[in-house]
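Questions regarding the structure given below will be posed in turn.
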Amino acid sequence: MPSLRIVTQNIWNVNNHWQKRADAIGQNMRELDVDIICIQESAPDHFEYLRSHSFRGFPHAYYAASDDGSLTPRPQGLAIFSRLAALEDGKVEIGRELETRNPWMRIVQYMQVKLPSGHSLAVFNTHLFLSSAQKLSGIKSCLEVMQRAQFADCIHLLTGDFNINLDTQPEYLAPLAEHQYADIWTAKNGDKTGYTDPYHFDRPLAKRIDGFFMQRDRLDRVMSVSRVNMEPINDGRLLLSDHIGVMAGLDLDHKASE
């Protein structure tokens, strides 16, 4: 059985019955016994609702603002909810979206935890660029953060909404591959499709843009990776997000010295 379960979920901000959707996602996370949830598209007021209602079973909550709302319609950011306390958490700005219609500041949020096994795990949460010209720079920026000295002894898990088709756009992911980071979905599920976007009743799922990357020599720690939060609520009339979430199950029970 996995000793740690981590979910990534673009929660679709405050669009379309967001409180009902957030509460349903929170219930799913409790039933799945998830330990860490990485959220994309979270406004500050949205985060406060998640912390006090939907994800109240996760005592450690970390918000990383990616914009103050001065250049965009409303503030937005990333969030990590965890049953485990962080040794440290923070964020790194990696550039503003060049498309003037959507000038969000893109960031990488990180959280480092020490596990009972002795392992240190660094979780990196991001929501990368829509602009094709910036997709590669976004991946390189994530890699630069992960390679900081403070994370040298950690197991790395990069997750989020990459806005990159992870199955068909390897040119953007090349820096990760060159530094021995693997897409754990393909490592564990092979050619099995894991499409996560777009998730609308009137459009079929067409691509996989949400997922996880880990150091290739740590892949033996990955027990499973699967899609979650797929089932609609309200008699099938309300989707939980415009993305499907992804959950990784990790086996980190072995002592770090082994």
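Counting only residues that are in contact (Cβ under 8 Å) with a residue 40 or more places away in the chain, part of a strand (DSSP E or B) and crowded, with 20+ Cβ neighbours inside 10 Å, how many does segment 206-227 have?
Residues of segment 206-227 in contact (Cβ under 8 Å) with a residue 40 or more places away in the chain: 207-215, 218, 221, 223-225.
Now narrow it down to the ones that are part of a strand (DSSP E or B): 207, 210-215, 223-225.
Add one more test, that the residue is crowded, with 20+ Cβ neighbours inside 10 Å, and what stays is 210-214, 225.
Adding up the residues that qualify gives 6.
Taking only segment 101-136 into account, find how many residues are of a type in the set (D, E, K, R) and closer than 20 Å to Gly90 by Cβ.
Taking segment 101-136 first, the residues of a type in the set (D, E, K, R) are 101, 106, 114, 135.
Right, trim to closer than 20 Å to Gly90 by Cβ and you get 106, 114.
Within segment 101-136, residues that are of a type in the set (D, E, K, R) and closer than 20 Å to Gly90 by Cβ number 2.
Quick one: count up the residues across segment 124-135 that are at pLDDT 95 or above and under 11 Å from Asn163 (Cα atoms). Steps first, answer last, please.
Filtering segment 124-135 for residues at pLDDT 95 or above gives 124-129, 134-135.
Still in the running and under 11 Å from Asn163 (Cα atoms): 126-129, 134-135.
Residues flagged as at pLDDT 95 or above and under 11 Å from Asn163 (Cα atoms) within segment 124-135 amount to 6.
What number goes with the only condition from (1) out of contact with any Pro (no Cβ under 6 Å at 6 or more places or on another chain); (2) closer than 22 Å to Gln109 by Cα that Ala187 does not pass?
(2)
Oh, and also: Give me a count of the residues in segment 70-87 that are surrounded by 15 or more Cβ atoms within 10 Å (Cβ to Cβ), among the aliphatic types (A, V, I, L, M) and more than 22 Å from Leu121 (Cβ to Cβ).
Step one: of segment 70-87, the residues surrounded by 15 or more Cβ atoms within 10 Å (Cβ to Cβ) are 72, 75-84, 86.
Then drop every residue that is not among the aliphatic types (A, V, I, L, M), which leaves 78-80, 84, 86.
Okay, now just the ones that are also more than 22 Å from Leu121 (Cβ to Cβ), so none.
Selection size over segment 70-87: 0.
A quick yes/no check of all residues on (1) over 25 Å from Arg101 (Cβ atoms); (2) touching an Asp or Glu at 6+ places or on another chain (Cβ under 9 Å); (3) among the acidic types (Asp, Glu); (4) surrounded by fewer than 17 Cβ atoms within 10 Å (Cβ to Cβ):
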residue	(1), (2), (3), (4)
Arg5	yes, yes, no, no
Asp33	yes, no, yes, yes
Ile39	no, no, no, no
Asp45	no, no, yes, yes
Ser54	yes, yes, no, no
Ala65	no, no, no, no
Asp68	no, no, yes, yes
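If you scan segment 228-254, which residues turn out to be within 11 Å of Trp185 (Cβ to Cβ) and touching a Gly at 6+ places or on another chain (Cβ under 6 Å)?
If the condition is that a residue be within 11 Å of Trp185 (Cβ to Cβ) and touching a Gly at 6+ places or on another chain (Cβ under 6 Å), then Val246 is the only one that fits.
Hey, any hits in segment 44-60 for a residue that's outside any loop (DSSP other than H, G, I, E, B) and under 16 Å from Asp161 (Cα atoms)? First the steps, then the outcome.
As a first pass, look at segment 44-60 and keep what is outside any loop (DSSP other than H, G, I, E, B): 44-54, 60.
Keeping just the survivors that are under 16 Å from Asp161 (Cα atoms) gives none.
No: zero hits.
Across segment 231-240, what is the total count of residues that are closer than 14 Å to Gln27 by Cβ and not in a strand (DSSP E or B)?
Here is the first cut: in segment 231-240, the ones closer than 14 Å to Gln27 by Cβ are 231-234, 238, 240.
Among the residues that remain, those that are also not in a strand (DSSP E or B) are: 231-232, 234, 240.
The qualifying residues number 4.
Regarding Arg101, is this residue out of contact with any Ser or Thr (no Cβ under 9 Å at 6 or more places or on another chain), basic (Lys, Arg), modelled with pLDDT of 95 or more and not in a strand (DSSP E or B)?
On the way: out of contact with any Ser or Thr (no Cβ under 9 Å at 6 or more places or on another chain): yes; basic (Lys, Arg): yes; modelled with pLDDT of 95 or more: no; not in a strand (DSSP E or B): yes.
Criteria not met by Arg101.
Same structure again: I need a count of the residues in segment 88-110 that are of a type in the set (Ser, Thr, Tyr) and surrounded by 16 or more Cβ atoms within 10 Å (Cβ to Cβ).
So the first thing to find is which residues in segment 88-110 are of a type in the set (Ser, Thr, Tyr), and the list is 100, 110.
Restricting the remaining residues to those that are surrounded by 16 or more Cβ atoms within 10 Å (Cβ to Cβ) gives 110.
Going through segment 88-110 one residue at a time, the tally reaches 1.
Every residue in segment 75-89 that is among the hydrophobic types (A, V, I, L, M, F, W, C) and part of a loop (DSSP other than H, G, I, E, B), please. Give the derivation first.
In the first step, residues of segment 75-89 are kept if they are among the hydrophobic types (A, V, I, L, M, F, W, C); the result is 78-81, 84-87.
Those that are among the hydrophobic types (A, V, I, L, M, F, W, C) and part of a loop (DSSP other than H, G, I, E, B): Leu84, Ala85, Ala86, Leu87.
The values are calculated or read from the model by the stated rules, or taken from the named source; none is laboratory data. Just so it is clear, the structure is predicted and the values come from calculations on it, not from any experiment. Cβ atoms come from the backbone with ideal geometry, glycine included; neighbour counts cover every protein chain shown.
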